[in-house]
Amino acid sequence: MKDRQNIHGSWANRWIFILAATGSAVGLGNIWKFPYIAGENGGGAFVLVYLLFILAVGVPIMMAEVLVGRRGRQSPINSMREVAIEANHSPKWALVGWMGALAGFLIFSFYSVVAGWVLAYIAGMGNGDFIGMDGDAAGKAFNDLLADPQALLIWHSVFVVLVMTVVMGGVNKGLERATRIMMPALFVLLLVLLGYSMTTGAFGQGFDFLFHFDPSELSWDAVLVALGHSFFTLSLGMGAIMAYGSYMPKKASIGSTVLTIAALDTVVALIAGLAIFPIVFANGMDPGAGPGLMFISLPVAFGQMPGGHIFGFLFFVLVGLAAWSSAISLMEPAVAWMVERFGLGRMPVCIGLGIVVWLLGIAALSSFNFGSEVALFGMNIFDFLDFITANVMLPLGGLFVACFAGWILNKRITKDELAITNPTLYLAWSVAIRYIAPIAVAAIFVLNLIEKLG
Ligand code: TRP
């Protein structure tokens, strides 16, 4: 058995890994994106499909990513290559790592724009801008922000600098400590917000919207969105979890660790939905409002609560922190690879890559103002980046990782890394990674294509 060392460092223990990976998983995907796509896709039926994907596709693939990362002990690109070679297969599997690094850049570019909105709202809440606002005024405030490229550029730039500063510090410093403080705080605040939304009088309506299963609401499009989101929210399909897995201590069990991360991530998304929808309904707003949902409904609620602006300020600070700990994992795979490949320090690498994502982010933010006319496949740049990553690149990356772990790696390697002693559990993982995950992903792609063409 090979036991490689990772030159970038490793997590102090299993819990640090769980917290760091949860920090990657829990982000804008949970608090901003999940509620609004659930709203756009009809609620309950979408949520059920999403939960099924998390369990049947997301969890086994996350285990596969951690397994490959820990086996390879390098950046995803080099881990894929090394582990493929160990299994007597083509080093070309490294291409999966390359596609992942590219997806990371593309996701970062629109992620940073949204994180910028969050930063702007931190400032606005701190100013008391939203006190007493109704839904219309909040909608206008959000649209005014989007129409102002200069403001968006400033906040986007601040976010890029924040993220790059941490990635520069490396694996152990900064990130580890920040997650440890941040995650429990996020939980507490979400629970308080949930408590508030229970008092709005529309909690039942919001609950019903999220959990009432009506299959007639379900379209193939919604199934694709649910699949894509299960990858996005768990940070799968681009190597983020593989990179984090490469820093994982050898003794920790992969199965229970991954289940804990997936459970925490799901709970945060559901609580965010339960906190936001009652507020939306109580204020007569549209649950299908799209990306503005969190930025319009929550400020209204905060603006009407006694002392709500302080609370709103804290809420957006925490959303910002969640986004920040996630965005770090979007850059880590590429940064680790550059460090390995060119023997450079993290500082020049982070500055160089930071400039690249900063420029990409400008293209994304222009979608809301001076670049709103630019269309790619009928979408603006922002929507296109979101679509091509979440709904195409991540599921494809996941498909490749599943095939790699299920069919290319032999049992000796997977059994050794996963160290599952219960044969039934190992069998369940094998079936999921060899059949369920690849077939589900491939089938949904094909069916969607047929529907789009038909
Ligand atoms: N999971 C994060 C969220 O839900 C976003 C994210 C971070 C991500 N790293 C990723 C998504 C890697 C896909 C791949 O906000």
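The values are calculated or read from the model by the stated rules, or taken from the named source; none is laboratory data. Being a predicted model, the structure only gives us computed values, none of them experimental. Counting neighbours? That spans all protein chains shown, and the Cβs are built from the backbone with ideal geometry, glycine included. These area figures cover heavy atoms from the full protein model, side chains too; ligands, DNA and RNA do not enter into them. Shrake-Rupley method; radii C 1.70, N 1.55, O 1.52, S 1.80 Å.
Observations, loosely collected:
- Accessible surface, per residue, of the range 2-135 when the full set of protein chains is kept, probe 1.4 Å, Å²: 29
- Sites listed here are chymotrypsin sites (Phe, Trp or Tyr not before Pro) in the range 210-251 whose DSSP assignment is loop and whose Cβ has at most 16 other Cβ atoms within 10 Å: 213.
- For the chain, the 222 nm mean residue ellipticity estimated from helices alone, with every DSSP H stretch of n ≥ 4 adding -39500 (n - 2.57) and the total spread over all residues, rounds to -23000 deg cm²/dmol.
- Sequence of 165, 389, 421 from largest to smallest accessible area, 1.4 Å probe: 421, 165, 389
- For the range 239-345, the set of trypsin sites (Lys or Arg not before Pro) satisfying both a DSSP loop assignment and a count of at most 13 other C-beta atoms within 10 Å is given as 250, 251.
- Separation of the alpha carbons by more than 25 angstrom is noted, of 173/415; 173/251; 33/92; 33/250; 33/415, for 173/415; 33/92; 33/250; 33/415.
- Per-q log10 I(q)/I(0), the range 1-144, q = 0.15, 0.16, 0.18, 0.19 Å⁻¹ (Debye; single scatterer per alpha-carbon; no solvent): -1.02, -1.10, -1.24, -1.30
- Alpha-carbon centroid distance for the pair the range 274-315 / the range 73-98, whole angstrom: 45
- Using a probe of 1.4 angstrom and keeping all protein chains present, the accessible surface of the range 368-454 works out to 52 square angstrom per residue.
- Its alpha carbons considered, the range 320-371 gives a radius of gyration followed by a Dmax of 13.4, 41 Å.
- Efficiency of FRET between residue 446 and residue 373 - r from beta-carbon atoms, R0 41 angstrom, step 0.05: 0.80
- When the alpha carbon gyration tensor of the range 14-453 is reduced to an equivalent ellipsoid, its three semi-axes come out at 34, 24, 21 angstrom, largest first.
- The chain: DSSP helices with Cα axial extent of at least 18 Å and average Kyte-Doolittle hydropathy no lower than 0.5: 59-72, 94-127, 149-169, 175-198, 220-233, 254-282, 308-342, 346-365, 437-453
- Put 75, 157 in order of accessible area, highest first, and with a 1.4 Å probe you get 157, 75.
- The chain, accessible surface, carbon-and-sulfur percent (1.4 angstrom probe): 68
- Separation of alpha-carbon centers, the range 244-267 and the range 335-358, rounded to whole Å: 27
- Remark: spin-label model distance residue 220-residue 5 equals 5.4 nm, labels positioned 7 Å along the Cα→Cβ axis.
- Mean separation of Cα contacts under 8 Å (6+ apart) over length of the chain, as relative contact order %: 36
- A simple packing score, the average count of other Cβ atoms within 10 Å per residue, orders the peptides 76-89, 56-69 as 56-69, 76-89, with the highest score first.
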